[in-house]
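The values are calculated or read from the model by the stated rules, or taken from the named source; none is laboratory data. Treat the numbers as computed from the prediction; the structure is a model and nothing was measured. Cβ placement follows ideal geometry from the backbone for every residue including glycine, while neighbour counts extend to all protein chains displayed.
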Amino acid sequence: MSTFDPTRRQLLKAAAWLPLASACGRLAFAGDVSPPGAAQVSLVVHPERLGRVVSDSLAGFSYETQQLENPAFFSADNHALVRLFRDLSPRGVLRIGGNSSDYTVWTAYRGEVPAQRTHKGGPQRPVLLKPEALHTLAGFLRATGWKLVFGVNLKIGVPAMAVELAQAVRQIVGENLIAIQIGNEANNYEADYGAFDQAWTPYAKAIRDAGVPIAGPDTGANTDWVIEYAKRHAGENVFLSRHYYKEAAPRGSIADLLAGDAGFHAEVEQAMQAADISHRPFRLTEANSYYLGGRDGVSNVFASALWGADFMLAMAQRGVAGVHFHGGTLDSIEASLGRTADASATATDQAARRDAVTSRYSAIAGDATLGFQARPLYYGMQLAQQFAGAQMVAADLDAAGVNLTAYAAMRGHALLIALINKDAGRDATVSLNGLRARGEGRLMRLRAPALDSRSGLVFEEGADAAHAGREVTVDARGRCSVVLPRGSAALLRLDRFV
């Protein structure tokens, strides 16, 4: 066992799930003895009741277009960032957009470009996007194996520039482009859906006529827009999209974050109905804990890992094809919000310096000069991404009053179970039932010293993801018990389940 060191290559290769001593069928190790007062939780798995198939590209990222002003950021030569993307997913999707996309000027465009009015809470200057940035981005996509969703400027009202940029992206990026999105959170500047549709339509027609695929509506928090957009335009689009943040950063807290958001789950189910009717995937092309850049001490600590894993699996269970966590450098996010980044950090430790130059909610810390490292949220994403390509199955959970969630899925002959104890005060012993008698597998844990820990994650040094964790066995009655301490998560994989 080794203490979390974000600069070490092993951390990038291995699962960050602490493989504590554990056994199913019998509690064979001291670490498995149920703590006094632990809640007795029950989970019954029903593998015969099949649910949604989880997208291969469940885990994704979103960055501001302004991040492209430094071509060295998304570059094939940026090996540390390439490695982090590849280690998370071999088939991920990167979305480029955000507030700054609606203030972006394509420098190769020779037509007239009106000056855009700035407003409080938004970019205070145009982003000048040069062809060089698209070429280095294309190299980054080839190096990572990821695909691209790219946003163009709707707010400026120049469809001709958007078409030229969309064509350039398609030509330079090639088959790695999934779609162009037109505008970012237009609900913030268009009076209603009708006004948005009127502004969007000439853009969409021109871009599609140029042979470039589109997606949308990329709205902020308007599921009704997604539903109406699907009715009018689903057939013209590659996928449907909207964004998600739980709240504004000033109102964020660890307790609030880990409480979940049942209301949004209901909205997602409404959006998925529209997506299913139109036979189109639905993606959360921009998401994270708290808007306005995230909350320090909440969005960048271990609690975000538990929240991120739970959020992604809750979305996958409902059919969402991808969750793109927004992030990037502090400069890029603060500029997109009309603010100046505080660059006064004086830390001498390399990990602390990387953290200081990064937006508060970003899953990856660092920049092209200092290098990159994973933050806690990254490991929550990594846990959830283990379900990619699997088919969710039903499971009945009796959490005994604990803030604990569970998810189950089948991949081939293997059963995956994720257990996430978001409770700050209660340990749990989870009794699993409905398993194959005398089955075998591995249990991997994700843990940190505390919910507000920024580091200190423990991992199994030298083990790759396929061999991480401890061996587990199921008893003759198909039962297994897992001790799940407060503020921790575990992934159980049972092989040859069928």
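Details
- Within region 161-179, the presence of at least one residue that is touching a helix residue (DSSP H, G or I) at 6+ places or on another chain (Cβ under 6 Å), among the polar types (S, T, N, Q), part of a helix (DSSP H, G or I) and in the same structural domain as Gly121 (by TED's automatic domain parsing) is confirmed.
- Residues in region 237-254 that are buried (at least 22 other Cβ atoms within 10 Å of the Cβ) and part of a helix (DSSP H, G or I): Ile254 only.
- Condition check for Gly122: touching a helix residue (DSSP H, G or I) at 6+ places or on another chain (Cβ under 8 Å) and either outside the structural domain of Glu286 (by TED's automatic domain parsing) or at pLDDT below 95 (or both): yes
- Set Ala195, Ala234: member being modelled with pLDDT of 95 or more, surrounded by 16 or more Cβ atoms within 10 Å (Cβ to Cβ), more than 30 Å from Ser304 (Cα to Cα) and not charged (D, E, K, R): Ala234
- Residue in region 125-135 that is in contact (Cβ under 8 Å) with a residue 40 or more places away in the chain, farther than 24 Å from His79 by Cβ and in contact with a His (Cβ under 8 Å, 6 or more places away or on another chain) present: no
- A single member of Leu432, Leu404, Leu446, Leu451 is crowded, with 22+ Cβ neighbours inside 10 Å, over 23 Å from Arg49 (Cα atoms) and at pLDDT 95 or above, and it is Leu451.
Listed here are the residues, each with its yes/no results for (1) at pLDDT 95 or above; (2) of a type in the set (A, V, I, L, M, F, W, C); (3) within 19 Å of Leu292 (Cβ to Cβ).
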position: His326; (1), (2), (3): yes, no, yes
position: Thr329; (1), (2), (3): yes, no, yes
position: Ser332; (1), (2), (3): yes, no, yes
position: Ala343; (1), (2), (3): no, yes, yes
position: Asp349; (1), (2), (3): no, no, no
position: Tyr361; (1), (2), (3): yes, no, yes
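- Every listed requirement among (1) outside any loop (DSSP other than H, G, I, E, B); (2) of a type outside the set (Gly, Ala, Ser); (3) touching a residue at least 40 places away in the same chain (Cβ under 8 Å); (4) farther than 28 Å from His119 by Cα is met by Asp218 save one, (4).
- If you go through region 375-402 and keep only what is within 17 Å of Ala448 (Cβ to Cβ) and either over 10 Å from the mean Cα position of the chain (by Cα) or in a loop (DSSP other than H, G, I, E, B) (or both), you end up with Arg375, Pro376, Tyr379, Leu383.
- Matching entry among Met410, Met315 (being of a type in the set (A, V, I, L, M), part of a strand (DSSP E or B) and in contact with a Phe, Trp or Tyr (Cβ under 9 Å, 6 or more places away or on another chain)): Met410
- Flag for Gln167 being more than 30 Å from Ala266 (Cα to Cα), out of contact with any strand residue (DSSP E or B) (no Cβ under 9 Å at 6 or more places or on another chain) and not aliphatic (A, V, I, L, M): yes
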